Amino acid sequence: MTTTFVVRVENRPGVLTRVTEIFRRRAFNIESLTVGHTETPGVSRMTIVVEADASAARRLEANLYKLVNVLRVDNITERPSVFRDLALIRVATDAGTRAQVMQLVEVFRARVVDVAPASLVVEITGTEDKIDGLVEVLRPYGVLEMARTGRLAMCRGHLNVTRTPVPPALEPGLDDASDNAAACSV
Amino acid sequence: MTTPVLTGAQILWESLVREGVEVVFGYPGGAILPAYDAMLDYPVRHVLARHEQGATHMADGYARAGNRVGVAIATSGPGATNMVTGIATAMMDSSPIVCITGQVGSRLIGSDAFQETDITGITLPITKHNYLVTQPGEIAQVIREAFYIAASGRPGPVLVDITKDAQQGRAPFTWPDPPRLPGYRPDHSPSDEDLAAALTLIHRAERPIILAGHGVIQSGATAVVRALAERAQIPVAVTLLGIGGLPASHPLNLGMMGMHGEAWVNTAIQEADLLVALGMRFDDRVTGNVKTYAPGARKIHVEIDPAEIDKNVKVDVALVGDLVEVLTRLLPSIAPARRGAWLGHIQALKGSAAVRDIKNLPDCGHLYAAHVIHDLWRETGGDALVVTDVGQHQMWEAQYYHHEEPRSLITSGGLGTMGFALPAAIGAKFARPGAEVWAIVGDGGFQMTMAELATVVQENLDLNVAVINNGYLGMVRQWQEFFYERRYAATPLVNPDFGAIAAAYGLPARRVEARGDVVPAVRAARARQGTMLIDFRVEQEDAVYPMVPAGRDLHDMIRRPSPIVETGADA
């Protein structure tokens, strides 16, 4: 089954390698991985999608927690969450097909962000399913190039815990807030 | 008070001294030269190994024997990569060591400079944590964190790679406060509910067994484990690294479990209705086929590392935390029990093997390794600090040398690193100078690191080396005998004269070929101040029995065809 982890890490050189190393070392294949900044300076957030059953996911979580630079791991697979993927898709078009393609883009609530004489670039945000659906209908026109971010995830509802713990170097004086409680609930 | 401004190299030693470091094991080279130069001004003894692998094993042996962090130091490139085997060994056996490596100047990193290697990348999966330090001002903080991480929680190796310019540059030195690492959680504690669930299982069990692993020794839990066993009358089986966790002579100590464990121990585990696993990780060498492992047993796992829970064997109750803390909380609620039937049954299982005990064997003119170990145990009164290598002799030592104390057997269990014994014995001797140290080593493994005899001589050490010499890579040969139709591919050894090797280093040696000469040789070695090597020429094609073939059921043991030498308790 597909498991989604949200992993918050100290933004330090080599941390991405340390995290992905856990998956490689324990023989799990990462399906998608996104990394970016968070609301807290010095803390990066990764959304990692991996094929792992509940028992394997629990062990992966425990192994991720063993990394000194990992601040928090949440397995949000079973929690109500917003999943989003962003894609840029270059589609072959000419004068005859451009209008049709733009109509399909409209239906999917996507946007055309670049137009060239023989192609255009579509930007779409949504669940992986929705993006797959658009790609499917665009394919007959010729999908020349595609870039996708992979899954970004956030739990629905109100955040009921303290903020992500902050590395001491960034915020001296903050008490160790590294509790292991669920990061979010609904 | 003004803050002193020191070089990075000086800060390194200031920090190590503050961490209580008295001895480091190392090998100098270009990128670590500034640190070596500064070392002369600090009260730290440097032990020059003959290979960086040896230095790392020395730090490991020092850590295991002395229950403190061991330190190894090497240069960049090949110096660092030579440490890899020693680091992996420490990782697998959860041994707290800090490895310090020099690195090329920070501006050369990534340029494939002379003796540059990405040692933090290389050691990522075999260290508990590692650091690349490029600023002198970072060194003190990193060293403090490295020692804290290495020794806390489940211990393990930490590598600190310091660029040459960070060693040469200057920075103000202040000794930092104890580290606060928000992402590091060494301490866990089980809930009262989980403790209650464990208690229920223990009280309901009729045929329980405690499985005692390395964690018992590392957390200093021997007394509390003994108290638990005695109060609840639960027999104790030990892993290879758990040997010494309960005195061998204790009536509840069954002996070693697993691939070369005693037959009655494995049979008892298979028949148990409860396993209480303490600081062990259900390694494949102790479980055999996990699908048929202890099929009728509920399982309680007390373990400090949450990632070990349900990894190999699914357990009913997991108590994640330090053994001493968990068992101390558990003990007052443990009801005293009597298990006469169960203990009597195990005694009966033992009976058939005990009559084939080594002490009842006629001297048929052959020298068996078991004889050597047995006599060595007798002569040393079971009080030696034994460091073994890997292979047949390692298993025979575990079977025939009866250890009464924790940290009296040091061996490479998880990684099974040949060449471990001699350097680890050197490290152990530094940790416990008053101990009688014996390195017991096979003729194959000895040749991997025997250059460390030079270290023994240079440091004027008093330890003894027993080479169990059968002219083969014995354990591999045994597998070839059992599973590869005796096709002895690359296992026969043409050995040097080990006595002559010792003599070349200026060390006395003896060769022993008959059982009657074992005791006089051991006595001569013990009587003499300084190191002596004994070359025991043992039976060439002997095998370690019993044996559970890899992946087979734990009760599916290969027994010795005729009862020549069988494992067993010895008076």
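Read-outs: derived from the displayed coordinates by stated rules, not from any lab. This structure is a prediction, so every number in the text was calculated from the model and none was measured. Positions of Cβ are backbone-derived with ideal geometry, glycine not excepted, and every protein chain shown enters the neighbour counts.
Do the sum for chain B: with -39,500 (n - 2.57) for every DSSP H run of n ≥ 4, divided by all residues, what is the mean residue ellipticity at 222 nm, to the nearest 500 deg cm²/dmol? Write out the running numbers ahead of the final one.
Numbers: 23 runs with 204 residues, N = 571.
Using -39500 (n - 2.57) per qualifying helix, the result is -10000 deg cm²/dmol.
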* Asked: What is the magnitude of the charge dipole of the range B:192-349 about its Cα centre, with +1 placed on the Cβ of each Lys and Arg, -1 on the Cβ of each Asp and Glu, and no other charges, expressed in debye to the nearest 20?
  -> 420 debye
* Evaluated over chain B, the Cα radius of gyration and Dmax, each in Å -> 24.3, 78
* Under 5 Å between amide H atoms, partner at least 5 residues away or on a different chain: which partners does B:LEU6 have, H built in plane at 1.01 Å? -> B:ALA171, B:PHE173
* Asked: For the range B:192-349, what class follows from the C-alpha gyration tensor (a ≥ b ≥ c being the square roots of its eigenvalues): rounded when a/c is under 1.5, otherwise prolate if a/b is larger than b/c, else oblate?
  -> rounded
* Return, for the Cα atoms of the protein assembly as shown, the radius of gyration and Dmax in Å, separated by a comma. => 29.5, 101
* Asked: What is the helix-to-structure angle for B:340-354, meaning the angle in degrees between its Cα long axis and the longest Cα principal axis of chain B, kept from 0 to 90 and rounded to the nearest 10?
  -> 90 degrees
* Using the per-residue mean of other Cβ atoms lying within 10 Å as a proxy for protection, in what order, highest first, do the peptides B:519-528, B:489-498, B:57-66 fall? -> B:57-66, B:519-528, B:489-498
* Asked: How far, in nm, would the chain grow between B:ASP556 and B:VAL290 when pulled straight, counting 0.36 nm per residue and subtracting the alpha carbon separation?
  -> 94.5 nm
* To do: Could you point to the residue in A:PHE83, A:SER119, A:GLY142 farthest towards the positive end of the range A:82-148's charge dipole, with +1 and -1 charges on the Cβ of Lys/Arg and Asp/Glu respectively?
  => A:SER119
* Asked: Which of the aspartates and glutamates could a cross-linker bridge to B:LYS164, judged by Cα under 18 Å and excluding same-chain residues fewer than eight apart?
  -> B:GLU14, B:ASP37, B:ASP112, B:GLU116, B:ASP118, B:GLU138
* Asked: Could you give the distance between the Cα centres of the range A:26-82 and the range B:388-409, to the whole Å?
  -> 42 Å
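Where Lys and Arg each count +1 and Asp and Glu each count -1, what net charge lies around B:THR85 among other residues with Cβ under 15 Å from its Cβ?
Details: positive: B:ARG50; negative: B:GLU52, B:ASP60, B:ASP93, B:ASP389, B:GLU452.
Net charge in that neighbourhood comes out at -4.
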* **Signed unit charges on C-beta, dipole axis of chain B, positive-most listed residue B:GLN392, B:ALA198, B:ALA307** => B:ALA198
* Counting only Cα, what are the radius of gyration and maximum Cα-Cα distance Dmax of the range B:26-138, in Å? -> 13.6, 41
* FRET E, pair B:GLU404, B:LEU33, Förster distance 45 Å, beta-carbon r, rounded to 0.05 -> 0.50
* Could you tell me the largest-minus-smallest coordinate of the C-alpha atoms of the range A:82-148 on each of the three principal axes, in descending order and whole angstroms? => 38, 20, 19
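If I take R0 = 60 Å and measure r between the Cβ atoms of B:THR3 and A:ILE30 in this structure, what FRET efficiency does the formula 1/(1 + (r/R0)^6) give, to the nearest 0.05? The partial results should precede the final answer.
Details: r = 46 Å, r/R0 = 0.76.
Calculated value: 0.85.
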* Structure fact -> Between the residues B:GLY445, B:GLN270, B:SER15, the Cα farthest towards the positive end of the dipole of the protein assembly as shown, that dipole coming from +1 and -1 charges on the beta-carbon of Lys, Arg, Asp and Glu, is from B:GLN270
* Asked: From a point 7 Å beyond the Cα of B:GLU230 in the direction of its Cβ, which residues of the range B:386-410 have a backbone N at a distance under 20 Å?
  -> B:403-407
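Of the listed pairs A:LYS66/B:LYS291; B:LYS291/B:LYS314; A:LYS66/B:LYS311, which have alpha-carbon separations greater than 19 Å here?
Numbers: A:LYS66/B:LYS291 28 Å; B:LYS291/B:LYS314 10 Å; A:LYS66/B:LYS311 15 Å.
Pairs exceeding the cut-off: A:LYS66/B:LYS291.
I'd like the FRET efficiency for B:ASP192 and B:PHE482, computed as 1/(1 + (r/R0)^6) with the beta carbon distance as r and R0 of 30 Å, rounded to 0.05. Each step should come with its number before you reach the end.
Working: r = 49 Å, r/R0 = 1.64.
After rounding to 0.05, the efficiency reads 0.05.
Assuming a ≥ b ≥ c are the square roots of the Cα gyration tensor eigenvalues, decide whether the range B:89-162 counts as rounded (a/c under 1.5), prolate (otherwise, with a/b larger than b/c) or oblate.
Numbers: a/c = 3.22, a/b = 1.57, b/c = 2.06.
It is oblate, given that a/c is not under 1.5 and a/b is not larger than b/c.
Using alpha carbon coordinates only, what is the Rg to Rh ratio of the range B:369-537, with Rh defined as the Kirkwood radius? Mind dumping the intermediate values first?
Working: Rg = 15.0 Å, Rh = 15.9 Å.
That ratio equals 0.95.
Can you list the equivalent-ellipsoid semi-axes of the range B:290-434, largest first and in whole Å, using the square root of 5 times each Cα gyration tensor eigenvalue?
Largest first, the range B:290-434 gives 32, 24, 17 Å.
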* **Separation of alpha-carbon centers, the range B:140-215 and the range B:500-567, rounded to whole Å** => 37 Å
* Say each of B:ALA113 and B:GLN540 gets a label point 7 Å from the Cα, pointing the same way as Cα to Cβ; how far apart are those two points in nm? -> 5.4 nm
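Hey, fewest Cβ within 10 Å first, where do B:GLU262, B:GLU452, B:GLU379, B:GLU541 land in order?
On the way: B:GLU262 25, B:GLU452 28, B:GLU379 17, B:GLU541 13.
Placing the least packed residue first, the sequence is B:GLU541, B:GLU379, B:GLU262, B:GLU452.
About its Cα centre, how strong a charge dipole does the protein assembly as shown have in debye, to the nearest 20, once Lys and Arg get +1 and Asp and Glu get -1 at the Cβ? Walk me through the numbers on the way to the answer.
Values: 70 positive and 84 negative charges, 127 e Å.
Roughly 600 debye for the protein assembly as shown.
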* Asked: When you look at the Cβ of every residue in A:56-67, what mean number of other chain Cβ atoms sits within 10 Å?
  -> 4
* To do: Please list, in chain and number order, the residues 5+ apart from B:ALA439 or on another chain whose amide H is under 5 Å from its amide H, with Hs placed from the backbone.
  => B:VAL387, B:ASN464, B:VAL465, B:ALA466
* Report the local net charge at B:THR75: Lys and Arg +1, Asp and Glu -1, summed over other residues whose C-beta lies under 14 Å from its C-beta. => -3
* Net charge near A:ARG84: determine it from the other residues with C-beta under 10 Å of the C-beta of A:ARG84, scoring Lys and Arg +1 and Asp and Glu -1. => 0
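Listing B:SER95, B:SER15 from the residue with the fewest other Cβ atoms within 10 Å to the one with the most, what is the order?
Numbers: B:SER95 30, B:SER15 22.
Result, fewest neighbours first: B:SER15, B:SER95.
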* Asked: What is the fewest-to-most order of B:THR455, B:THR267 by other Cβ atoms lying within 10 Å of their Cβ?
  -> B:THR267, B:THR455
* Structure fact -> Quick shape check on the range A:31-147: root eigenvalues a ≥ b ≥ c of the Cα gyration tensor, a/c under 1.5 is rounded, otherwise prolate if a/b tops b/c, else oblate, and it reads prolate
* Asked: Dipole magnitude of chain B about its Cα centre, charges +1 at Lys/Arg Cβ and -1 at Asp/Glu Cβ only, in debye to the nearest 20?
  -> 660 debye
* **0 to 90° range, to nearest 10: angle between helix B:139-151 axis and chain B longest Cα axis** => 0 degrees
* Once both axes come from the Cα atoms, what is the angle between helix B:192-204 and the longest principal axis of chain B, in degrees from 0 to 90, rounded to 10? -> 20 degrees
* **Tail fraction, Cα-Cα pairs, the range A:2-79, threshold 22 Å, whole percent** => 14 percent
